[in-house]
1. In whole percent, what relative contact order does the stretch 6-74 give with Cα contacts below 8 Å and a gap of six or more residues?
2. Note down, for the stretch 1-62, the three equivalent ellipsoid semi-axes (square root of 5 times each alpha carbon gyration tensor eigenvalue), biggest first, whole angstrom.
3. Using 7 Å Cα-to-Cβ label points, what is the Ala51/Ala22 separation (nm, one decimal)?
4. Simple spin-label model, 7 Å along Cα-to-Cβ: Ala34 to Leu68 in nm?
Amino acid sequence: MLIVAIGTALFGLTDGLALQLAALLFFGLGFAPALSALYFMVSREIDEQSATEAFGWLNSGALVGGALVARTVGPLHGRVDAIPVRSESCTTS
C-alpha cells in the first residue's frame, strides 16, 4: 500500500502530462496487485455458497469508502489552495 500512497503523492506534485502519466503508472503498479490480493483472500476464506454475498460486501465496502472520501474532500475543493498545475493544452490565447 505504500507504493499506492507514493504514486498518488507523485501525481499531485508533478507538473506536466508526461510526469503525471509516469506517476499514475507507478501508482497502478501497487494498486492492481493489492486489489487482486484482496479478492484472492476473500475467495480463499469463504464457502462457495456465500461467495456472491461476500463479494457484494467487498464491492459495497469499496464504494462506501470512495463515497466517504468524496464527501469529505469534495467540500474542500475550491476552498483550499492546492499546488497549481499548469497544462499547456488548456491555456487560452
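Readers should treat all values here as calculations from the given coordinates under stated rules, not as data from a laboratory. All values reported here derive from a predicted model rather than from experimental measurement. No Cβ is skipped: glycine too gets one built from the backbone with ideal geometry, and neighbour counts run over all protein chains shown.
1. Taking the mean separation of contacting Cα pairs over the length of the stretch 6-74, I get 20 percent.
2. That gives 33, 10, 8 Å for the three semi-axes.
3. Here the modelled spin labels are 4.2 nm apart.
4. It works out to 1.5 nm between the two label points.
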